[in-house]
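**Q** Below are the structure tokens for one structure; questions will follow.
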Amino acid sequence: MIDTHRQVFIEEAVELLFSLETSLLELEENPDDKELIAKVFRALHTIKGSAGMFGYDEITMFTHDIESVFDHIRKGEINITKGIIDLTLSARDQILLMLSQTEKTESSDDETTKAILTSFRKIILDYNSRTNNSETSKTNNNKPALQAIQGIKQTFYIRFKPSLDIFLTGTNPLLLLNEIRNLGKSIVLANEILIPMFGDIDPQKCYMSWDIILKTEKGIDAIKDVFIFAVDYCENKILTIDKEGKLNDSDKFAEFEKQCLDKSRSEPVNIEKWLSEFDSTLKSESPDKIFKKEITKVKENSEVHHELDSVSSIRVSAEKLDDLVNLVGELVTIQARLSQIAANNNDTNILAVSEEVERITWSLRDSALNIRMLPIGSTFNKFNRLVRDLSKELGKVIELTTEGAETELDKTVIERLNDPLVHIIRNCIDHGIESSEIREKLGKPTSGSIHLSASQSGGSVLIKISDDGAGIDKNAVKLKAISLGLIPENADLTDQELYALIFTAGFSTAKTVTNVSGRGVGMDVVRRAIDNLRGNIEVSSKKGAGTTITLKLPLTLAIIDGLLVKIDGDHFVLPLSSVEECVELSQEDLNNSHGRHIVNIRGEIVPYINLRERFDIDKKRPEIEQVVIANIKGIRIGFVVDKVIGQHQTVLKTLGKTYKNVEGVSGATILGDGSVALLLDIIKLTEKEEMEERSEIQLYN
């Protein structure tokens, strides 16, 4: 059983590892970017420090040598190379594996761990060997060079005030103080003024704070790195003092240390005052005033920063968000019942209350759903590594570009979207994009490209995956479909119907099976996943120019706006995002169509599906029916019902295993009177109708 604090550490560490992967891939393209190098180092440092605090000593020891290499890199002592990037990515994967162990005592892949550590240690040994050889060749008079290696001594004042609840995060302040001491010569003064009376002490709270004077060659970045994983749980100020270097002398520093220790026993810590008293020459340029201004400025900035941090964001578990949305869903159902009662009683007071509750419920629904919305960019970023590794494995040069990373989707949709996108991108790399040699012969750039884009379209999100490869060979697809018995030899299919065949289970036009693809299972997985998300897939391709696969997905799976309709005594819901208009269908219209399922709407002939016939409802039809016109894949299709009731806030419920294979129905919802309405899958209904019509035509021919 993993305790709460350790679980929080794991979640934050996983986020850091994904950020680390992104930074490493960017660093591979920009090896001289100092900000990226510093970002990688900080991520490794944070993971190492936090892991040690939560008992993951294996991760701490594993990360230490990796961090050391990047410490040399950020100092310009070791150059970043492709080999180091590859090695660090492998180390990142190994840390992720270590975190996935259910118990910290379990051992991960020891051989892999040892191999990675051996490689990093060799980098450090090679550097030390070069450094030692360089120093040996220098003469004793070459002091400027030695000074450059050792660095320049600086004196810093550090204020470290942990929050009262810092122990609850697993942070041990004494370990941080020890790290500070390891950076150089230090004076550490403990402030005990906030410690309450013995009977009032809470052992889970930290009442101490520390003032530190540090003389070091490491620089301010090294000090910041010590506190990097505790910055949210403490007040931390770092100021440069003694710029004249008067404390660089060891005797003077020891004398100042004695003075500070003596004074701290009888008066509150006041470094500004003590430093001024220690050397009156500092008064000449009024450094006390400068120091005081710096202290005030830092304090103000720290307070503003802390205030912004305290209201900017909060980490909430996914389970709590799911519970919130479920409760809002129940509230939507009860609100619908209240509205129905108010309408039946025709009481103006109840109607007024019902309308107000409805307004609040809709606002609450929107807020709850917005909380679950996440930018899709985090998912897009994961595929940089996939493209890099697979293109390397297949000996191809491929560049991944993205667009619309800020587009938001429900977290559940994003989670389920990862696998289908992986399969599509793998197919783009293996089947779609040609090798550099072939591309050069065809007059294409030697480097292939895959473009991921996301955009919002009404209540849906469109995700496009495009490549500039060979495109789909329609003739090869047709021949394969015929050989599998999916279509007859004389079948006359549209491009969309032909492309739909590649999503059939077991379908593959690959001539050989590789580790990447060729077994005919990937695109079948894509189709099932997108169907489960109530989305649809469109494929467009041009031979020799590339392929684009478009995924149309709903923004959320929890609550949708629907159009409530009625057939006899049964209620159905159509997704409102696809509905364009509703028109009447009279007996005269039926007579004019001569038995065909078409209706004339302002001069446009629109085919329709009669839902009464589709669901075998045999009771008498009304004299005037209603046709709900929907737009499906750019084509207008009608759905005939008895009556259109109106817009309905639809809280989706699953049908259960018994009805999971019912075609044309994707879920259900509870109405205000307690009855059940089925949510129609109008895309599946349309496809089934087209398939049956095609079968009848082929049978007739």
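The values are calculated or read from the model by the stated rules, or taken from the named source; none is laboratory data. On a predicted model such as this, the values are computed, not experimentally measured, just so you know. Cβ sites come from the backbone with ideal geometry, for glycine too, and all protein chains shown count toward neighbours.
**Q** Checking the condition farther than 30 Å from ARG6 by Cβ, at pLDDT 80 or above and within 27 Å of the chain's Cα centre (by Cα), which residue from ASP323, ASP347, ASP366 passes?
**A** Residue meeting the stated conditions: ASP366.
**Q** Limited to region 593-644, what total is found for residues that are over 16 Å from LYS566 (Cβ atoms), in contact with a Pro (Cβ under 9 Å, 6 or more places away or on another chain) and in a loop (DSSP other than H, G, I, E, B)?
**A** Going through region 593-644 one residue at a time, the tally reaches 2.
**Q** Go through region 163-220 and give me each residue that's hydroxyl-bearing (Ser, Thr, Tyr) and more than 17 Å from LYS237 (Cα to Cα).
**A** THR169, THR171, TYR207
**Q** Under 7 Å between Cβ atoms, at least 6 apart or on separate chains: pull out the pairs that start in region 43-57 with a residue that is in the same structural domain as SER23 (by TED's automatic domain parsing) and end on any residue that is buried (at least 22 other Cβ atoms within 10 Å of the Cβ) and aromatic (Phe, Trp, Tyr).
**A** Taking only residues 6 or more apart or on different chains, the pairs are LEU44/PHE70; THR46/PHE229; GLY49/PHE229; SER50/PHE9; SER50/PHE229; PHE54/PHE9.
**Q** Test each condition in (1) surrounded by 16 or more Cβ atoms within 10 Å (Cβ to Cβ); (2) more than 23 Å from VAL14 (Cβ to Cβ) for THR60 and report the one that comes out false.
**A** (2) is the only condition that THR60 fails.
**Q** Still on this structure: Condition test on ILE228, is it among the β-branched types (Val, Ile, Thr), in a strand (DSSP E or B) and within 18 Å of LEU174 (Cβ to Cβ)?
**A** Spelling it out, it is not the case that ILE228 is among the β-branched types (Val, Ile, Thr), in a strand (DSSP E or B) and within 18 Å of LEU174 (Cβ to Cβ).
**Q** Is there a residue being assigned to a helix (DSSP H, G or I) and more than 13 Å from ARG92 (Cβ to Cβ) anywhere in region 12-23?
**A** yes
**Q** So LEU168 fits all but one of (1) modelled with pLDDT of 85 or more; (2) under 33 Å from the mean Cα position of the chain (by Cα); what number is the exception?
**A** With respect to (1) modelled with pLDDT of 85 or more; (2) under 33 Å from the mean Cα position of the chain (by Cα), LEU168 is out only on (1).
**Q** Looking for something modelled with pLDDT of 85 or more, surrounded by fewer than 16 Cβ atoms within 10 Å (Cβ to Cβ) and touching a Gly at 6+ places or on another chain (Cβ under 8 Å) - is there at least one such residue anywhere in region 545-554?
**A** Yes, region 545-554 has at least one match.
**Q** Quick check on my filter: what residues within region 376-401 are within 15 Å of HIS431 (Cβ to Cβ) and hydroxyl-bearing (Ser, Thr, Tyr)?
**A** Matches in region 376-401: SER391 only.
**Q** Looking only at residues in region 241-253 that are within 52 Å of the chain's Cα centre (by Cα) and within 13 Å of PHE278 (Cα to Cα), which one is modelled with the highest pLDDT?
**A** Top of the filtered list is PHE253.
**Q** Do you know which of the residues in region 370-380 that are surrounded by 18 or more Cβ atoms within 10 Å (Cβ to Cβ) and in contact with a helix residue (DSSP H, G or I) (Cβ under 7 Å, 6 or more places away or on another chain) is modelled with the highest pLDDT?
**A** ILE376
**Q** Which residue pairs have Cβ atoms under 8 Å apart, sit 6 or more places apart or on different chains, and have a first residue in region 412-431 that is of a type in the set (S, T, N, Q) and a second that is in a helix (DSSP H, G or I) and buried (at least 18 other Cβ atoms within 10 Å of the Cβ)?
**A** Every condition considered, the pairs that remain are ASN418/THR379; ASN427/GLY522; ASN427/MET523.
**Q** Anything in region 555-574 that is at pLDDT 85 or above and part of a strand (DSSP E or B)? List them, or say none.
**A** GLY562, LEU563, LEU564, VAL565, LYS566, ILE567, ASP570, HIS571, PHE572, VAL573, LEU574
**Q** Something else now. Which residue, of ALA51, ALA38, is among the small types (Gly, Ala, Ser), more than 19 Å from the chain's Cα centre (by Cα) and surrounded by fewer than 21 Cβ atoms within 10 Å (Cβ to Cβ)?
**A** The match here is ALA38.
**Q** In region 71-98, which residues are polar (S, T, N, Q) and in a helix (DSSP H, G or I)?
**A** Listed by number, the residues that qualify are THR88, SER90, GLN94.
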